[in-house]
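Read through the structure below, which is laid out as structure tokens, and then see the notes.
What follows draws every value from the coordinates through simple rules; no lab data is involved. In this text the structure is predicted, and so the values were computed from the model without any measurement. Cβ: placed from backbone, ideal geometry, glycine included. Neighbour counts: every protein chain shown.
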Amino acid sequence: MVNYPKPILPVNPILSWASFGNDRVKTIPSVLEAGTHCFLTSGRMSIAMALKLIGIRSGDKVLVPAYHCSSMVEPILWAGADCMFYRLHPEASADLDDIKRKLDSKTRVLMVTHYFGFPQQSRLLREFCDSHQLLLLEDCAHAFFGRQDGLPLGSYGDYAIASAMKFFPVFDGGCLISSRHSLDQIRLEPASAVFQLKAVMDSLERAFAHRSSRLARFFFKLPLHLKRQIWSNIKAHSQGGITVTSYTPPASEGGFGFDTAWLDKAMSLYSKWVMQGTSQKRIIEQRRKNFLRLLDALGTLPHCRPLHTALPDTVVPYVFPLWVEKPEIVFPELKRKRVPILRWDFLADRIDATLCPVSSDMALKLFQFPCHQELKPEELEWMITQIRDTLLQQ
Ligand SMILES: Cc1ncc(COP(=O)(O)O)c(C=O)c1O
């Protein structure tokens, strides 16, 4: 694996004073409005909890989109089910004909992902599930906000899941939502005090790493130094099966791993507090504005094309996805320039062009650029310049 330098700009939102605001009026609902909900530590734990409630057993089959990250797949494998990967159309919508071909008597769940915040045809998929006795699991990890057919995104699924870290400046957080089933039987307990403290300190640390005034740096230097000392001591003295992930969920460290120890743990108190205090209106407006700026600046460049050429009024984007023609040159070049990019170039072994030509292409050529609310206009312009210069050189 190549070790590229760290990106200059944060891939996910970081804490700032501007994050906070109690403006409750927002134009687009959140997934939490789709039904009753509970707060876990990550999206993947929420998927695992949904599968547990459904009662998935060894030998059951779950239909999963061929374009995925491993944190979508790990909970299914943990539940003992087989992943049946289905095809996508070029704009990343689920291929219903392929789903039909993959169905058999063991298939219990259809998982659909609203990639990058853009909804799948949920009503159609709901009807399909009803007529084939399947449960629908809506993966809203990229779509914390959104409306479809006048309903909050996540309303059609038997269960929906969301990932808080992608939209809020928090260390941990996942949500399980259901408009159809009770979540009363879920019993979550608070994770350790170390975790609660780490949720606060890491969030501050991430914010400081990217931007902070001299004064703030002065005041927080000592507490952050102490935190690093304590943390390295904890790691050094961890023995007998206690690992770093015993204290923090893999999702919070940016990895795709899965650790069942976090299944019955509640979101940290700090992350809940930040989520409640964050201005959702600002998240929605800034993300939409940044996406539109990226679309305007990059939409007609040569050697690339945006996955979505318009932003419907009801969509709140997670990232700006761009197809790039020469990924083998452009990706390392942008990484070297420290441009923040995400790419899912590590699909399950079975997925090649025969299984799903679109997914295997997307894995290499689809670059995801951040458009989150904490990017400043000058930062966005810097990112655009780097992308534009790199593409124009091809
Ligand atoms: C589409 C999708 N679903 C689920 C997940 C899992 O979310 P989390 O990282 O909060 O566990 C991710 C994470 O990247 C994702 O991109």
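Taking θ = phi - 60°, what integer Hz values does the Karplus form 6.51 cos²θ - 1.76 cosθ + 1.60 yield along the range 199-206, in sequence order, with x for Gly and Pro?
4, 6, 5, 5, 5, 5, 4, 5
Past the 21 Å Cα-Cα mark, which pairs from Lys52/Lys198; Lys289/Lys365; Lys106/Lys265; Lys26/Lys166; Lys166/Lys265?
Lys52/Lys198; Lys289/Lys365; Lys106/Lys265
So between Ile8 and His303, what do we pick up on full extension, going 0.36 nm a residue minus the alpha carbon distance?
Details: separation 295, 0.36 × 295 = 106.20 nm, distance 2.42 nm.
Extra length available between Ile8 and His303 comes to 103.8 nm.
Under the rule of at least 5 residues apart or a separate chain, name every residue whose amide H is placed under 5 Å from the amide H of Phe320.
Phe369, Cys371
Kindly provide the helix-only [θ] at 222 nm of the chain, computed as the sum of -39,500 (n - 2.57) over DSSP H runs of four or more divided by all residues, to the nearest 500 deg cm²/dmol?
Details: 12 runs with 147 residues, N = 394.
Computed ellipticity for the chain at 222 nm equals -11500 deg cm²/dmol.
Report the label-to-label distance for Ser131 and Leu292 in nanometres (one decimal), using points 7 Å from each Cα along the Cα→Cβ vector.
So the two model labels end up 3.9 nm from each other.
Could you please state, rounded to a whole Å, how far the C-alpha centre of the range 23-76 is from the C-alpha centre of the range 148-170?
Centre-to-centre distance over Cα atoms comes out at 9 Å.
Using a 7 Å offset from the Cα along the Cα-to-Cβ direction at both Asp345 and Ala18, what is the distance between the two label points in nm, to one decimal?
In this crude spin-label approximation the distance works out to 3.2 nm.
Any chance you could run the full-extension gain for Met1 through Lys106? It's 0.36 nm times the residue separation minus the Cα-Cα distance, nm to one decimal.
Details: separation 105, 0.36 × 105 = 37.80 nm, distance 3.75 nm.
The Met1-Lys106 span can extend by a further 34.0 nm.
Rank the residues Trp273, Trp382 as a footprinting-exposure proxy: fewest other Cβ atoms within 10 Å of their Cβ go first.
Ordered from fewest to most neighbouring Cβ atoms within 10 Å, Trp273, Trp382 come out as Trp273, Trp382.
Given the options Phe367, Ala353, Val315, identify the residue whose Cα lies farthest towards the positive end of the charge dipole of the range 280-392 (+1 on Cβ of Lys, Arg; -1 on Cβ of Asp, Glu).
Value computed over the given set: Val315.
Does the range 236-390 come out rounded, prolate or oblate by the C-alpha gyration tensor, with a ≥ b ≥ c the root eigenvalues, rounded set by a/c under 1.5 and, if not, prolate when a/b is larger than b/c and oblate if not? List each step's numbers first, then the result.
On the way: a/c = 1.97, a/b = 1.33, b/c = 1.48.
Oblate, since a/c reaches 1.5 and b/c is not below a/b.
Name the residue from Val112, Thr260, Gly21 whose Cα lies farthest towards the positive end of the charge dipole of the chain, charges +1 on Cβ of Lys and Arg and -1 on Cβ of Asp and Glu.
My answer, from the dipole projection, is Gly21.
Each residue of the range 182-190 in order: what ³J(HN,Hα) in whole Hz does its phi give by Karplus 6.51 cos²θ - 1.76 cosθ + 1.60, θ = phi - 60°, with x for Gly and Pro?
Computed from phi, the couplings for the range 182-190 are 6, 10, 4, 6, 6, 10, 10, 10, x Hz.
Amide H neighbours of Asp60 under 5 Å, at least 5 residues apart or on other chains, H built in the peptide plane: list them.
Excluding prolines and chain starts, which carry no amide H, the hits are Asp82.
Starting from the range 86-148, pick out the GluC sites (Glu not before Pro) whose DSSP state is loop and whose Cβ has at most 12 other Cβ atoms within 10 Å.
Working: sites: Glu91, Glu127, Glu138; in loops: Glu91.
Of the GluC sites (Glu not before Pro), the ones in loops of the range 86-148 whose Cβ has at most 12 other Cβ atoms within 10 Å are Glu91.
Taking the Cα centre of the range 27-178 as origin, work out the dipole magnitude from +1 charges on Lys and Arg Cβ and -1 charges on Asp and Glu Cβ, in debye rounded to 20.
Computed charge dipole of the range 27-178: roughly 220 debye.
If you average the alpha carbon positions of the range 80-121 and of the range 285-330, how far apart do those two centres end up, in angstrom?
One Cα centre to the other: 24 Å.
What residue among Pro190, Pro340, Pro13 shows peak mean-square fluctuation when the chain is described by a Gaussian network model with Cα springs under 10 Å?
Highest fluctuation of the listed residues: Pro190.
With only Lys, Arg, Asp and Glu charged, each at its Cβ (+1 for the first two, -1 for the last two), find how big the charge dipole of the chain is about the Cα centre; round to the nearest 20 debye.
Computed about the Cα centre, the dipole is about 1120 debye.
Report the extension gain between Thr36 and Asp352 in nm, rounded to one decimal, defined as 0.36 nm multiplied by the number of residues separating them, less their alpha carbon distance.
Once the chain is fully extended between Thr36 and Asp352, it gains 109.9 nm.
Please turn the phi angles of the range 254-266 into ³J(HN,Hα) values with the Karplus equation 6.51 cos²θ - 1.76 cosθ + 1.60 (θ = phi - 60°), one per residue in order, whole Hz, x for glycine and proline.
With the stated coefficients, the range 254-266 comes to x, x, 10, x, 9, 10, 4, 4, 8, 5, 9, 9, 8 Hz.
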